[in-house]
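Here the structure comes first, spelled out in C-alpha cells, and everything after it is commentary.
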Amino acid sequence: MGQDVNISSRNDSYKYLDENALAYLRHLSFDARGAVDGAYAGKHRSVVKGRSQEFTDYREYLPGDDVRSIDWRVYGRTDRYMIKLCEQETLMTCHLLLDSSASMAFGGSWHKEFFGANDISKYDYACYLAAALSYLLLRQGDAVSLTVFNSAIRYHLPAGGTLSHLHRVARALEGQKVHRDTYIPHVLRQAFPLLKRRGILIVISDFLEDCDGMFEALDMYLGRGFEVALFHVLHRYELELPKLASVNFVDAESGERLTSVPEDVQEAYGHELQAHIDTIRAGAEARKIDYDLISTQTFYSVAVRDYLERRRRQCGYS
Amino acid sequence: MRILLGYISLVNPALWVGVAALAVPLAIHLLTRRTPKNMTFPTLRFLRAARAHQSRLYHLRHLLLLLTRMALLLLILLAFLRPVLMQGARRKATSQTGRTMLILMDVSASMGYVQAGVSPLAEARAAVLEILDHHEAGDRVNLILMKVAPDASFDEPSDNLFLLRRDLANAAAVPERPDINAAIAEAVSQLKGVTEGRRQIYFISDFQRTNWSSVNFDQVDADTELLFVPVGPERGENCAITDVALRPAAPTVSEDVEIVCKVTNYSDRPRRLPLQMRFRDGEDFQQEVRLEPRATVSSSFHLRIHDAGQYEGQVFIPEDGLKVDDRRSFVLDVAEKVRVLVVSDDDPRVKETGAAFLRRAINPFAQKRNAAVVSSVVSSRDVDKSDLARAQVVILSGIHELSRRSGEAILEYLETGGSVAYFHVASAASQNLERLAAWSEGNFVLPFELSGQIDLSRQEGYATLAQANFDHRILRKFRDSADLGDLRFHRFFSTERVKNKGRVLLRYDDGNIAMAETLVGPGVLLLCNFGCSLQHSDIVRHPLFVPLVHEIIRGLRPSMGRKNTFLVGQPCFTTLRPLTDNEKVVLRGPAGETVEGSVEANDDGVAVLFPKTSACGFYRAYVGEEIAASAAVNLDSLESNLERLDMAQLEELAQQPRATYLAAGDVAGIEGLLEGEPLWHYFLLAAVGLLFVEQVLVLLVRH
C-alpha cells in the first residue's frame, strides 16, 4: 500500500499543494488499467515475467537463462530443467503533460476585473490537478514525470517516485509561465523519446486546436502500450459566457479582436463549443482514451476523485 | 404664426423646442453603452462562428430600438405641434401678400327652403361667417349675393368685415332664380385687377341641378382657386305649382276658359294635395290632386266670365318647406273683343291693298260696335311693345324693310307667347325673314328657304293648292270643302324645305310651300307664301278668304302663354284703358308698396312697365283707389326642383384645376378646409402603434 506523504514536512509550502485538498484524496488509489512497465517492484502488474510471488507458467531451460531461475523441485521430480515463470509486480509511471500556452491564462488573476479575485484560471487549475495527481501517484509509490509545453516542450522533469520528487514537481509547476500558442501534436512527438517507460500519459490542456493531429500523435503512444488520458480543462466562463455588457474579446494566442455582447451570442457559441468537445470526445472514445471534461468550477480534488471512481468502474473493481 | 411643411401646417410651432426631447433616448443609449473592455478570450473562434450565424438585423437591434424610441417621441411631439393637412388648393401661403376672397352666396328662392327649422340660407350664413372668421391680415373679401342680378357688397374686395357681416346678416332668400354666370362674371371682373396674392372664389349654394348644370366656368382663369361649399339637404321634399296656363290666354267675354295648373311633386313619396283657386273677388274653386313621386300633374278649372276686365287669381297648395312656390298668381284678362294688330307698310289711302283686304276680312261689319274681332293697323316703323302687348294676334302684310327695333319687338312678342302671321310676297320679305332669324340668335329656324320669286301673272298662269294638312287647327274646318283647290296664286316665292323644322300646312301644285308654321319660343309664326292683294292671288275674291283669316286668327290666338305671368326679378308690364287728363297712375308692388315704373299712353290705351320686380304677387297700376291693371309675377318654376347637382358632375362641369369640393352638408368641413384637417390624432395613434413595436423590440432584445 501507499506510504504517507507529509507535504509540509519541509519548511517551504507550495502553491499547488493544498494540504486540505490533498487530504481528501488520501484514501483513493490510482490503479493501472493493464500491465505496466516498471523498474521497481510495486503494486501494479508488470509486463516482465520474473521472480515474485505471482506464479504464471513453466518453460524449458534454454542456454543463457539465469541459472537461478531453474525450479529445482521440478527437476527433482521430472529430471528436467524447467524455469518457473512469475508475473512481476512493478511501479507505474505516470507522465503528466501540462499545457502552458497562452490560452490557459484565462480566469484567475488575469481576469480579476471580470470574474473577481476568487476565480481560478485554467492554468492554475491544471497545475492543481497535476499536483494532486502527482501526490496521489507518489503516495502509492508510483513514479511521475512532468512535461510542461506550449508549442514545444518548455520543461521536462523525468519520472521519479520519491517524496522529494513531489516537491520538485510542485516547484516546477510554480516556476512556469504561460505564453505563446500551443501545438500538441508537435509536443507529443517531441516527448515520445523522452518518455521511455510505458505507463499512463495524462495530457492536461484546453485542447483548443486541431484534434486530428493530436490523435495521430497519441496513436504512437497507444501503439507503444501507453494508457492515455485527456483532461480537458475549460473555464466556467468558457463553457458559459460571462453575463457582461459589450466586451471586446481578444484572442489569447492570435490577438484577433471581436466586440460583442456575450448574451447575444451565448446560444450559438454554446453550440460551436459543444461541437468541438464532441469531436474530441468521439476521437478519444474511438481510441479507448479516457476523456474527462473538467470545468474550473468543479473543485479539482472532486474532479480527480470522480475520474478515479469512473476509472475503477471501467476496470471492474468494486 | 404657422409653419408650413409641404401640405402640413403646424398650429403650435412653438413646441418645436420639444424636439430636444429626442435627445433623451439618444443620451440614454449613449450613456448606457459602456466602452467595451478588452478580455483575452481563448475560444474566440467559436465566438466568431457564432456571430457569423446571426442576422445583421439582430446586431442592429439596439440601434433599431433607439430609432423606434426616437420616432415614438417625434410622433408625440408632432401630435403636440397640432399638425393640420392643408387640402389641395387650401395651402396657406407663407408670403405676406394676403388673399383676395370673393364669396358668392346663393340667395335664390330655393335657399329659403326650411327643413327641420333650418334653411340652406342659414347654413350658408354660417359658412360665410366661418370664412370671415378665418380672415387674416392682408386678406380682402367681398360678398356677392347670387340673385337674378348679382348684388355685391363692395365695388371691389375690401377688408371692411363689419359691413360684410352686416350685409350677411341682412341677406335673405329672394324669390328669384339666380344668374350664376352673371355672378361669376362679376367676381372675375373684381379679381381682374388683383395681381398679387392668391385669388379665391367661394361658391356657397344648394347647387340646384336646374341652375348649376349650365354654368359656364370658362371665364375663371386657371390660377383662381374655386371652393364649392354645398348647403341644404341633398333632395328637399318639395311640392310646387310650377305653371298656370290660361286657354285661351286672353279669352273674350263668355268664352270658356280653362285654367290649367301644373303641380309637381319633387319628393320621393306620393302626395295628395288640395288645390285651391281663388279670385280677388273671393270666389273659390277647389279640387284634389294626386301626385306620384317625382311627377307632375295638370289639373284644370273651367269657367266662363261674362264681363270684360282683368281678374286677379291665385292658385294654392298647402305650404311646405318652400312656401314661395306653393302659390301662383295669374291675371285673367277678359277682353270684349279679340284684338288683331295688322302691321303693314301699304298705303292706307289705297283701298285694294293686302292690309285693307285683311282688315275687312277681320271685321267685315266695321260699323258694328260689338264686333268680336277688331283690328288696328300700324306701320312696321312704328310698331312697339305696347302695340304688340295689346294684340292677341299680329299679322304682317306688305312689310318693307323691317327695322331692328321693330324686329326685336316682334321677336320679343313671339318669345313671350304671342302669335304672328306673315303674308310675304315682296322681295323685302325674304330679307326680313332672314333678319328675324338672325336677330332671334338661333331661337327659331325657318321651315323653308326662299330661293327666288315666281311670277306666273305674266303668262296669265297661276298655281293652285295641291296639298293641305287638314289635321292642323287652322285648316281643320276646310277638310270637307274643295274650296281651297279653287284658289289661284300668281306670285309667290320658290321654297326649299328645311328638314325637321316647322310644319307645312299647304303646298302649291308645283311643290312649293304655300303655308308653314314654326315655333319661336312659346310663340307661333305662321308663314303664308302668298299675298292678299289682287296682284298676288285671287284669294280675297274667294268666299273662303274671310273664314280662312278668322281660322288663322283663332288658330293663332295664344291658347296658353306667358303674357299673363312674369318671373320675379324680370320686368313686367300690363296695359290699362286710356286715361283722362285728370287721372293719375300709381304703381304698387305685391305688398302695396309704391314701386317705380313707366307709364306710356297712346291712342289705344296706356302701357305700364315695371322695370324691376322683387316679389311674387301682383304688380298693380292704380288709378285713384281703383286697380286699373295688374301683372302677375311668379317664381321661376326651376327654383322648385331642389335636387342637388352631384359634386362629381360639378367637378366635371367646372374643369378647374384648383377647385375644392366640400362634401354635401359638411358645413363644418369649411373649418377643416380653411384651418386644415387636424392630424394630431393620427400621429398619436401612430405613436401608440410604435410603442407596441418598441415593446416587442424590447422583448426581442431581452430574449
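The values are calculated or read from the model by the stated rules, or taken from the named source; none is laboratory data. On a predicted model such as this, the values are computed, not experimentally measured, just so you know. Heads up, the Cβs are rebuilt from the backbone with ideal geometry, glycines too, and the neighbour counts pull from every protein chain shown.
Can we say A:Leu194 is farther than 15 Å from B:Leu44 by Cα, buried (at least 20 other Cβ atoms within 10 Å of the Cβ) and more than 12 Å from chain B (Cβ to nearest Cβ)?
no
Of everything in the stretch B:496-553, what is of a type in the set (Ser, Thr, Tyr) and in a loop (DSSP other than H, G, I, E, B)? Give them in sequence order.
Within the stretch B:496-553, B:Ser533 is the sole residue that qualifies.
Check B:Phe207, B:Phe162 and return the single one that is aromatic (Phe, Trp, Tyr), without any contact (Cβ under 8 Å) to a residue 40 or more places away in the chain and assigned by TED's automatic domain parsing to the domain that holds B:Leu662.
After applying the criteria, what remains is B:Phe162.
Among the residues of the stretch A:300-314, is there at least one that is within 17 Å of B:Phe46 (Cβ to Cβ), away from every other protein chain (no Cβ under 13 Å) and free of Cβ contacts under 8 Å to residues at least 60 places away in the same chain?
no
Give me the strands (runs of 3 or more DSSP E) completely within the stretch B:217-282, filtered to those with at least 2 residues that are within 30 Å of B:Val393 (Cβ to Cβ), ordered by residue number.
By residue number, B:239-247, B:256-265, B:271-279.
With A:Arg281, A:Arg312, A:Arg305 as the choices, which residue is in a helix (DSSP H, G or I), under 24 Å from A:Ser101 (Cα atoms) and out of contact with any helix residue (DSSP H, G or I) (no Cβ under 8 Å at 6 or more places or on another chain)?
The conditions single out A:Arg281.
So, B:Leu161, is that one farther than 19 Å from B:Leu322 by Cβ and either crowded, with 16+ Cβ neighbours inside 10 Å or among the small types (Gly, Ala, Ser) (or both) or not?
no
Of all residues in the stretch A:71-85, which are touching a strand residue (DSSP E or B) at 6+ places or on another chain (Cβ under 6 Å) and not charged (D, E, K, R)?
A:Val74, A:Tyr81, A:Met82, A:Ile83, A:Leu85
With A:Gly161, A:Gly141, A:Gly199 as the choices, which residue is in contact with a Ser or Thr (Cβ under 6 Å, 6 or more places away or on another chain) and not hydrophobic (A, V, I, L, M, F, W, C)?
A:Gly199
When B:Lys499 is evaluated against the numbered criteria (1) more than 19 Å from B:Ile552 (Cβ to Cβ); (2) at pLDDT 90 or above, which criterion, by number, is the only one it fails?
(2)
Each row is one residue, and each column tells you yes or no for (1) assigned by TED's automatic domain parsing to the domain that holds B:Tyr113; (2) at pLDDT 90 or above; (3) surrounded by fewer than 18 Cβ atoms within 10 Å (Cβ to Cβ).
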| site | (1), (2), (3) |
| --- | --- |
| B:Gln310 | no, no, no |
| B:Gly313 | no, yes, no |
| B:Phe316 | no, yes, no |
| B:Glu319 | no, yes, yes |
| B:Leu332 | no, no, no |
| B:Val342 | no, yes, no |
| B:Asp346 | no, no, no |
| B:Arg349 | no, no, yes |
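Tell me whether the stretch B:375-387 contains one or more residues that are farther than 19 Å from B:Asn432 by Cβ and hydrophobic (A, V, I, L, M, F, W, C).
For the stretch B:375-387, residues farther than 19 Å from B:Asn432 by Cβ and hydrophobic (A, V, I, L, M, F, W, C): absent.
For the stretch B:290-304, give me the residue count where each residue is assigned to a strand (DSSP E or B) and under 16 Å from B:Ser637 (Cβ atoms).
Adding up the residues that qualify gives 6.
Within the stretch A:237-270, restricting attention to residues that are more than 7 Å from chain B (Cβ to nearest Cβ) and either among the aromatic types (Phe, Trp, Tyr) or under 28 Å from the mean Cα position of the chain (by Cα) (or both), which residue is surrounded by the most Cβ atoms within 10 Å (Cβ to Cβ)?
Across the stretch A:237-270, the extreme among qualifying residues is A:Leu241.
Assuming A:Arg171 fulfils every condition listed in (1) more than 14 Å from chain B (Cβ to nearest Cβ); (2) surrounded by fewer than 22 Cβ atoms within 10 Å (Cβ to Cβ); (3) in contact with a Gly (Cβ under 8 Å, 6 or more places away or on another chain) apart from one, which condition is it?
Result: A:Arg171 fails condition (3) only.
I'd like to know if the stretch A:99-116 contains one or more residues that are buried (at least 17 other Cβ atoms within 10 Å of the Cβ) and more than 14 Å from chain B (Cβ to nearest Cβ).
no
Please report, ordered by residue number, the helices (runs of 4 or more DSSP H) entirely within the stretch B:633-703 with at least 2 residues that are at pLDDT 85 or above.
Those helices (runs of 4 or more DSSP H) span B:647-654, B:680-702.
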